[in-house]
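Chemist: Sharing a structure, written as structure tokens. Questions coming.
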Amino acid sequence: MPGGSRPDAGGRDVSAPPSRDPTAYAQTDHFRQRLRQQGRYVTLPLAAEAIRSGQLRWNSSDGWRFALVDEGVRYVIVVGDTETPSPVLVTGWTEIADWETVAESDRWSELDAHTIRLRADLSSHKERQIPGRIRPRVVTRPFEIGGHRVRTAAGDGFVECVDCGGRFRSKRALCECRCR
């Protein structure tokens with residue numbers, strides 16, 4: 001739970017859980033960008049379902065999160081409603097909750113699973129190089145991260161941008177180097 005009980009401009013206390021009504025939420029530009037990004041796998045219907053029936057948790061870095069696990073993949077939807085006039089969908093992402101369930105699912109291809117895991121690993125370890133986590137991934141369909149469209153092959157300890165040819169071992173490096 002959040003520390004403190006300051007009410008927002010609209011009168012809602014930050015310690016009170018946010019609305020479970022998905023129709024109450026507007027979309028930030030950031031969230032709309034996430035919906036379009038290859039390899040995110042977040043959709044409006046899944047965000048709505050996470051809000052209606054997902055697990056709700058407070059996170060000190062970004063506030064309230066709804067999480068829903070479906071066929072081995074966890075959908076995380078971050079919402080805000082204490083610093084805006086109305087509730088908003090802030091961002092969303094996917095994580096592998098259960099690799100075996102994902103592998104057995106007809107919904108997810110092996111490429112999808114590797115993409116989700118690689119994106120999550122890069123985001124979870126932003127500041128450091130992670131060649132050991134990149135090497136087992138096979139991601140042939142490029143996805144955008146840090147302004148680059150990246151892919152990787154089995155055994156490579158880096159992701160490679162298909163546009164500029166840059167090779168990166170961390171999300172920090174991806175974000176610090178502009179794609180040419």
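The values are calculated or read from the model by the stated rules, or taken from the named source; none is laboratory data. Fair warning: this is a prediction, and the values are worked out from it, not measured in the lab. Here Cβ is always computed from backbone atoms with ideal geometry, including for glycine, and neighbour counts include all displayed protein chains. Ligands, DNA and RNA are stripped out before the accessible areas are found, and what is left, the full protein with its side chains, is counted by its heavy atoms. Shrake-Rupley method; radii C 1.70, N 1.55, O 1.52, S 1.80 Å.
Chemist: Scan segment 113-123 and tell me whether some residue there is touching a helix residue (DSSP H, G or I) at 6+ places or on another chain (Cβ under 8 Å), assigned by the TED database to the domain that holds ARG36 and open to solvent by 80 Å² or more (accessible area, probe 1.4 Å).
Modeler: Taking every residue of segment 113-123 in turn, none turns out to be touching a helix residue (DSSP H, G or I) at 6+ places or on another chain (Cβ under 8 Å), assigned by the TED database to the domain that holds ARG36 and open to solvent by 80 Å² or more (accessible area, probe 1.4 Å).
Chemist: If you go through segment 76-83 one residue at a time, do you hit one that is farther than 22 Å from TYR41 by Cα, buried (at least 17 other Cβ atoms within 10 Å of the Cβ) and among the small types (Gly, Ala, Ser)?
Modeler: no
Chemist: Still on this model: Please enumerate the residues belonging to segment 51-73 that are closer than 16 Å to THR94 by Cβ and open to solvent by 80 Å² or more (accessible area, probe 1.4 Å).
Modeler: GLN55, VAL69
Residue-by-condition table, conditions (1) of a type in the set (A, V, I, L, M, F, W, C); (2) touching a residue at least 12 places away in the same chain (Cβ under 8 Å); (3) under 24 Å from ILE145 (Cα atoms):
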site	(1), (2), (3)
GLN33	no, no, yes
ARG40	no, yes, yes
TRP58	yes, yes, no
GLY72	no, yes, yes
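Chemist: Going residue by residue through segment 86-95, is there one that turns out to be surrounded by fewer than 19 Cβ atoms within 10 Å (Cβ to Cβ), acidic (Asp, Glu) and not in a strand (DSSP E or B)?
Modeler: For segment 86-95, residues surrounded by fewer than 19 Cβ atoms within 10 Å (Cβ to Cβ), acidic (Asp, Glu) and not in a strand (DSSP E or B): absent.
Chemist: Of the numbered conditions (1) assigned by the TED database to the domain that holds LEU44; (2) within 24 Å of ARG36 (Cα to Cα), LYS171 satisfies every one except a single condition; which is it?
Modeler: Checking LYS171 against (1) assigned by the TED database to the domain that holds LEU44; (2) within 24 Å of ARG36 (Cα to Cα), the one that fails is (1).
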